[in-house]
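Nothing in this text is a laboratory measurement; each read-out follows from the coordinates by a stated rule. Note that the structure is a prediction, hence the values are computed from the model and not measured. Methodologically, a virtual Cβ is constructed for each residue, glycine included, from the backbone with ideal geometry; neighbour enumeration extends over all protein chains shown.
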Amino acid sequence: MNVIKDSETSSPLATRQAGELRSELARKIAHLMGSSETRTGEIPGVSLHRRTAPTAPCPATYEPGVFVIPQGKKEVQLGPNTFIYDASRFLLTSIDLPIVSRVVEATEEVPCLALALKLEMSTVRELLSREEIHVPAAPSDALAMGTGETTPEFLGACCRLVDLLEAPQDIPFLNGLIQREIIYRILQGTEGARLRAIATLGDHSHRTAKAIAWIKANYAKPLRVEDLAHIAAMSVSTFHHHFRMLTAMSPLQYQKQLRLQAARGRMLLDGLDAASAAFEVGYESASQFNREYNRFFGQPPMRDVRALRSPDAPQLEAVSYR
């Protein structure tokens, strides 16, 4: 397992300013959340989250976005890689990625507080087209997920975004401007190259992302790697290389995780039995589904669902933009 937590150095003044802004952002989120766990819907693409205890590992799919935690600590596993982020680091995801996440530091007195912002690639491309924005090329082995420093400039923009929840009349005019500034701050930092690679038309990462989007939209359909390579306009071997480079898994592993997560949701939320859920997400064999579900979630499908519905079930962590 590779634990990835990049380090950066800042001046003493910037460090003090960042600390003050993290505390300010945490206060704002705590005030807005009260005793709620999730707040979403008021600002397009923005959600706030609050957890008062460490959570069990929770499989989920993260969309392209940035996750900021001014208080607490979280861990995300992507294939063999583990990303740890807290008040000093934000998490950036530049494509849809099936991950396993958990809150690792949170209490009733000091809850884990989070701001999640969905990134629109059209806005990223528009900013990249401006002559005054210069972003280095991504290294050839860059995953589509990473962490970056929460600088004073970045945190200041996040604070102003959260402030809009107290002034809804300003959302239509200021929301787009503030989100553009947040994207600009990311592009100017060490993680900007990841966004550039995905957003740049013709880049290998961008073309691979098109195939990844097809899998997400069609995960229940049979998957042929040759067809995916055609979508990406690459040879099969080149496509395999770039797919694994971005996602830390093969196309079949990616599809499997999407299918298992979708089946879990259908059983938990819609009341489907295991066999029905298996066939709905594309499995032809219920026994194969049961084996793979057991291996991924740690117990058979219906036992897992009963455990999740139990009032004594451990709290699950999940971030949703919806």
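In table form, for the structure just shown:
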quantity: Per-residue HN-Hα couplings for segment 119-128 [Karplus 6.51, -1.76, 1.60; θ = phi - 60°; Hz; x = Gly/Pro]; calculated: 9, 9, 5, 5, 5, 4, 5, 4, 5, 5
quantity: Relative counts (whole %) of C-alpha pair distances in segment 204-249, using bins that are 5 Å wide; calculated: 5, 26, 37, 25, 7, 0
quantity: Listed values (i) 129; (ii) 140; (iii) 119, entry calculated as volume of the Cα convex hull per residue in Å³; calculated: (ii)
quantity: Diffusion constant of segment 253-309 at 4 °C, which comes from Stokes-Einstein with the Kirkwood Cα-pair radius and 1.567 mPa s, µm²/s; calculated: 120
quantity: Residues with amide H under 5 Å from that of GLN71, placed H, sequence gap 5 or more; calculated: LEU113
quantity: Expected 222 nm ellipticity per residue - DSSP helices of 4 or more, -39500 (n - 2.57), all of the chain, to 500; calculated: -14500 deg cm²/dmol
quantity: Positive-pole candidate from VAL225, LEU161, ILE99, dipole of the chain, charges at beta carbon; calculated: VAL225
quantity: Order by protection proxy (mean Cβ within 10 Å, highest first), peptides 59-65, 210-216, 146-152; calculated: 146-152, 59-65, 210-216
quantity: Gyration tensor (alpha-carbon) shape descriptor, segment 1-132, a/c threshold 1.5; calculated: rounded
quantity: Value of relative contact order over the chain, rounded to a whole percent, pairs C-alpha under 8 Å and six or more apart; calculated: 19
quantity: Residue order, fewest to most beta carbons within 10 Å, for HIS230, HIS242; calculated: HIS230, HIS242
quantity: Vicinal HN-Hα couplings computed from phi for segment 105-115 (Karplus, 6.51 cos²θ - 1.76 cosθ + 1.60; Hz; Gly/Pro x); calculated: 9, 6, 9, 4, 6, 10, x, 7, 10, 9, 10
quantity: Residue-by-residue Karplus 3J(HN,Hα) for segment 220-229, coefficients 6.51, -1.76, 1.60, Hz, glycine and proline x; calculated: 7, 8, x, 10, 10, 4, 4, 5, 5, 4
